[in-house]
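The values are calculated or read from the model by the stated rules, or taken from the named source; none is laboratory data. Just so you know, these numbers come straight off a predicted model, no measurement behind them. No Cβ is skipped: glycine too gets one built from the backbone with ideal geometry, and neighbour counts run over all protein chains shown. In case anyone asks, the SASA skips ligands and DNA or RNA and just uses the protein heavy atoms, side chains included. Shrake-Rupley method; radii C 1.70, N 1.55, O 1.52, S 1.80 Å.
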Amino acid sequence: SQQGEEDPQALSIQEGENATMNCSYKTSINNLQWYRQNSGRGLVHLILIRSNEREKHSGRLRVTLDTSKKSSSLLITASRAADTASYFCATASGGYNKLIFGAGTRLAVHP
Amino acid sequence: NAGVTQTPKFRVLKTGQSMTLLCAQDMNHEYMYWYRQDPGMGLRLIHYSVGEGTTAKGEVPDGYNVSRLKKQNFLLGLESAAPSQTSVYFCASSYSTSGGLGQETQYFGPGTRLLVL
């Protein structure tokens, strides 16, 4: 069974707009990670937030984590057409860096 | 550095045939993983390895076997392929947890598309 569930399943926006994706999970975690997957390619790590952190930034990315609600959000500011991809949250709660992935959000950014 | 590579990129099998997918990494990572990705779903862990000569079951291990004879290689085998194993298979690797904080991310290969008829 999947730990994380992303919302929305699909998101369509115009270039320059902000995109927000949400992730909910079920059990306690060590960290939560966000990955991006371009069509037909492998996943690329974007950002990691630990269970004792509430917010983290990396370039145009902002991630928040609310462990009391077991949820996280990924905000992409000033989106670009090149941001078009699927975005997955993944939680690490066991050992050995094992991850459990959500089903992903498909983001389409239109020029 | 090539990172994580996978061979083959695409394969068509008939039901009952066997095959092996090869994953190689040149980052000296201790941990390696095999996932499958089906339409509309995230990745599900099949098997993983925490070091040379070790393997362990993940979330969906049935119908698959793995081997890690060399640190840089992780093989995924299908002994008797079934249509339900039609999927895209991804390999990933990461540093061991003894490497400390900041080492937890996984590095993914480009994937192998498998079609079982």
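Listed values, structure above:
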read-out	value
Eligible lysines near A:LYS70 by straight Cα distance, threshold 30 Å, same-chain separation 8 or greater	A:LYS26, A:LYS56, A:LYS98, B:LYS57
Among A:ALA92, A:ALA78, A:ALA19: highest mean-square fluctuation, GNM of chain A, C-alpha pairs under 10 Å	A:ALA78
Computed FRET value (nearest 0.05) for B:LEU115 with A:ARG54, which takes r as the C-beta separation and R₀ as 45 Å	0.50
Dipole-positive endmost among A:PRO8, A:ASN97, A:GLN33 within the protein assembly as shown (Cβ charges, Cα centre)	A:ASN97
Shielding of B:31-43 by partner chains, average beta-carbon count, 10 Å	4
Cβ-based charge dipole, chain B, positive-most Cα from B:TYR33, B:SER94, B:GLN17	B:GLN17
Apportionment of accessible area to carbon and sulfur, the protein assembly as shown, percent (1.4 Å)	49 percent
Over chain B, relative contact order from alpha-carbon pairs under 8 Å, at least 6 apart, %	34 percent
Among A:SER73, A:SER51, A:SER39, residue whose mean-square fluctuation peaks in a GNM of chain A (springs only between Cα atoms under 10 Å)	A:SER39
Within straight-line cross-link reach of B:LYS9, aspartates and glutamates at Cα separation under 12 Å, skipping those fewer than 8 residues along the same chain	none
Restricting region B:18-76 to trypsin sites (Lys or Arg not before Pro) in coil, as DSSP defines it, with at most 10 other Cβ within 10 Å	none
At most 14 other Cβ within 10 Å, DSSP loop - GluC sites (Glu not before Pro), region B:1-107	B:GLU52, B:GLU79
Summed buried accessible area for B+A [probe radius 1.4 Å, Å², rounded to 100]	1900 Å²
Check: region B:26-85 dipole with +1 on Lys, Arg Cβ and -1 on Asp, Glu Cβ, in debye	60 debye
In order through region B:70-87: 3J(HN,Hα) via Karplus (6.51 cos²θ - 1.76 cosθ + 1.60), integer Hz, x for Gly, Pro	10, 4, 7, 10, 9, 9, 10, x, 10, 6, 9, 5, 10, x, 5, 8, 4, 5
